[in-house]
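The structure under discussion appears below in the form of structure tokens.
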Amino acid sequence: MTNRTAVLTQALLVAAFIAGPSFAADDEALKKDMTAVIALQGLPCGQVVAVKVNAENDFACTCKDGNRYRVYVNAAGRVVVEKQR
Amino acid sequence: MRLAQVSFLLVLVAGCAGVAPDAPVTPNAEVVGLQTTTTVQPEPVAPQSTAPRPTAAATPATSAASQPVPTETAARASPTAAVAEKKSAARETQAPAATTRPPTAAASSATAARPPSPPAAAIPPPAAPAALDLNALKAQLKETKAIGVLTKLSLKNQVDDLMQQFRDFYQGKAKVTMVQLRRSYDLLLMKVLSLVQDADQKLASAIVASREAIWGLLADPKKFATLEG
């Protein structure tokens, strides 16, 4: 029983190790995308350091300079960047 | 059994260690790309963009607004070439003058008669416009992984906005001038290039090569109409 538990723990550990970099890469790509979107709107940001997914195509971004933005795609298909307080 | 498990774990962890550096490298490249866009970008563009812009600015805005568009575009094409030729000629003539004249003489004769213009053979012919494959360019932009989905959508929005401005201009609705439209076009192209140039240099050079050809389509109302249809 303890053997099985140990194997299960190790398997979970391995899975976490494998999944970790993949998630990190996705996260970095998303941050890069958001940084570009905010910069394209001419808004101050510098670099997006954190992204929270609110819904599909709806994100809350935190910039390196402290600014926070909501980035979403509206019904007309336009990317909207709203400054958050 | 335990040894096998441990060795399996080690192999996987080593595998992950091999993957790990990829993630930090991309943001660094991105940061460098974003920061250096303003400095790196002008290199390929400078020879093309610096020449037409002053001419565009020098062209009276009133004439651009009041005259019909075909004349404006024609006026735009020929004076830019003329000014570019003049500039290159001036560079060629100034360079030898600086080397032959002593510095004191150069200071005193700054307003003196300039050396005669070089022979026509010395002037390099203007570069022929690159062949434009708009559909291929569109496909490349859609497929490139250099920019994210939302960035692409945002760029598309801005392209649509610019197209609308051209539409309004040709319909006489907008108060913008062709010079302003050219400025907006240049800015948009610069944005696209800055996003693409680090990760997809092939696409960036294709865009740079097509720059004037695309402008040719936009600046001519007839060609623009075919573009719309």
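The values are calculated or read from the model by the stated rules, or taken from the named source; none is laboratory data. Computed from a predicted model, the values in this text were never measured in an experiment. We place every Cβ from the backbone using ideal geometry, glycine too, and count neighbours over all the protein chains shown.
Just give me the residues in region B:140-162 being surrounded by fewer than 16 Cβ atoms within 10 Å (Cβ to Cβ) and more than 14 Å from every other protein chain (Cβ to nearest Cβ), in sequence order.
The answer is B:K142, B:E143.
What do you reckon, is B:L141 modelled with pLDDT of 95 or more and among the hydrophobic types (A, V, I, L, M, F, W, C)? Walk me through it before giving the result.
Working: modelled with pLDDT of 95 or more: no; among the hydrophobic types (A, V, I, L, M, F, W, C): yes.
Against the criterion (modelled with pLDDT of 95 or more and among the hydrophobic types (A, V, I, L, M, F, W, C)), B:L141 does not qualify.
Give me the residue from region A:25-57 that is surrounded by 14 or more Cβ atoms within 10 Å (Cβ to Cβ) and either among the charged types (D, E, K, R) or in a strand (DSSP E or B) (or both) and, out of that set, nearest to the other protein chains (Cβ to nearest Cβ).
Just the residues of region A:25-57 that are surrounded by 14 or more Cβ atoms within 10 Å (Cβ to Cβ), to begin with: A:25, A:27-41, A:43, A:45-49, A:51, A:57.
Next cut, either among the charged types (D, E, K, R) or in a strand (DSSP E or B) (or both) only: A:27-28, A:31-33, A:48-49, A:51.
Values: A:D27: 9, A:E28: 5, A:K31: 7, A:K32: 5, A:D33: 3, A:V48: 10, A:V49: 10, A:V51: 11 Å.
For region A:25-57, the residue satisfying everything is A:D33.
When the residues of region A:58-85 are narrowed to those that are exposed (fewer than 14 other Cβ atoms within 10 Å of the Cβ) and polar (S, T, N, Q), which ends up farthest from the other protein chains (Cβ to nearest Cβ)?
A:Q84
From the residues in region B:186-203 that are touching a Lys or Arg at 6+ places or on another chain (Cβ under 9 Å) and not aliphatic (A, V, I, L, M), which one is farthest from A:K32 (Cα to Cα)?
My answer is B:D186.
Determine which member of the set A:V79, A:V53 is aliphatic (A, V, I, L, M), within 14 Å of the chain's Cα centre (by Cα), modelled with pLDDT of 80 or more and under 23 Å from B:A146 (Cβ atoms).
Values: A:V79 fails: within 14 Å of the chain's Cα centre (by Cα).
Step by step, each of A:V79, A:V53 is checked, and only A:V53 is aliphatic (A, V, I, L, M), within 14 Å of the chain's Cα centre (by Cα), modelled with pLDDT of 80 or more and under 23 Å from B:A146 (Cβ atoms).
Here is a check on your reading of the model: is B:A204 part of a loop (DSSP other than H, G, I, E, B) and either closer than 20 Å to B:Q140 by Cα or among the hydrophobic types (A, V, I, L, M, F, W, C) (or both)? I'd like the intermediate steps shown before the answer.
Values: part of a loop (DSSP other than H, G, I, E, B): no; either closer than 20 Å to B:Q140 by Cα or among the hydrophobic types (A, V, I, L, M, F, W, C) (or both): yes.
No: the conditions fail for B:A204.
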